[in-house]
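This report refers to the structure that appears directly beneath it.
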Amino acid sequence: MKSILSLTVLSLLLQCGNLNEILEQSPGVLFEDTTPTDIEINKGLKAALEVGINKGVSKLSAQNGFLENPEIKIPFPKDAEKVAETLKDIGLGSKVDEVVTSLNRAAENAVQKALPLFKNAIYDMSFSDVKTILFGNDTAATAYLKRKTRNDLIQTFKPDIQKSLDQVNATKHWEGVMSTYNKIPLVNKVETDLSTYVSKKAINALFLEVRKQEASIRENPLERTTDLLKKVFNYAENQ
């Protein structure tokens, strides 16, 4: 009987030793709850989008953030391409270049103003949408945000863009080009809403940057830079 008891005690002690070893190597592995709460899911997804917009704004607001990025560079307005072609044909291509440069400078200067607009839109998302988006594709959140808020963001952003257009003389360059063009005999006059045009281009560029960041956080665990992002996106990844 004593032998049996001794063996039982020894077995328990060995098991405890193994347990202690496991706990020392992986603290909390047996007790940590890896399932995020609804509050954590809500905060985590929105935090990921906020990281994306912060990085996007920082990148695009830098000098040449638009102008030297072929993916988002704002070109001469498409509905005025005939204007650009005609002016280049008569040796005024430099005037066209001035317009393009000033449009991109205006976007670079104003894009910082879009930050609070985007953040408000992000934090207005309902939890039911957040949960659906979390288990969607790599850019589900950005696609939802763009679909729901793009038009409102453009209209809200327009005054900031107009102010920036004036500050960098884009309006002046544009009016000069259009005045020259409209004096050419037999041409059709072109009217372009410059502030709306640049606002759309700038907002689309920001959505593009947010989309890239969202995809990166979903695909690359190293981009999950906080415990909350790790918990939420690791959980989503394993469902």
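Per the listing 231, 200, the residue uniquely modelled with pLDDT of 90 or more and under 20 Å from residue 139 (Cβ atoms) is 200.
Could you grab me the full set of residues in region 102-159 that are of a type in the set (Val, Ile, Thr), closer than 20 Å to residue 59 by Cα and assigned to a helix (DSSP H, G or I)?
The initial filter retains those residues of region 102-159 that are of a type in the set (Val, Ile, Thr), namely 111, 122, 130, 132-133, 139, 142, 149, 154, 156.
After this cut, where a residue has to be closer than 20 Å to residue 59 by Cα as well, the list is 111, 122, 139, 142, 154.
Residues satisfying the conditions are 111, 122, 142, 154.
Matching residues to (1) farther than 23 Å from residue 60 by Cβ; (2) among the β-branched types (Val, Ile, Thr):
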| residue | (1), (2) |
| --- | --- |
| 188 | yes, no |
| 195 | no, no |
| 198 | no, yes |
| 210 | no, yes |
| 219 | no, no |
| 222 | yes, no |
| 230 | yes, no |
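Look at region 164-187: where a residue is assigned by TED's automatic domain parsing to the domain that holds residue 84 and a partner is part of a helix (DSSP H, G or I) and of a type in the set (Val, Ile, Thr), sitting 6+ places away or on another chain with Cβ atoms under 6 Å, you get 165/171; 173/99; 174/99; 177/99; 181/83.
The values are calculated or read from the model by the stated rules, or taken from the named source; none is laboratory data. Just so it is clear, the model here is predicted, and its values are computed rather than measured. Here the Cβ is made from the backbone with ideal geometry for all residues, glycine too, and neighbour counts use every protein chain on show.
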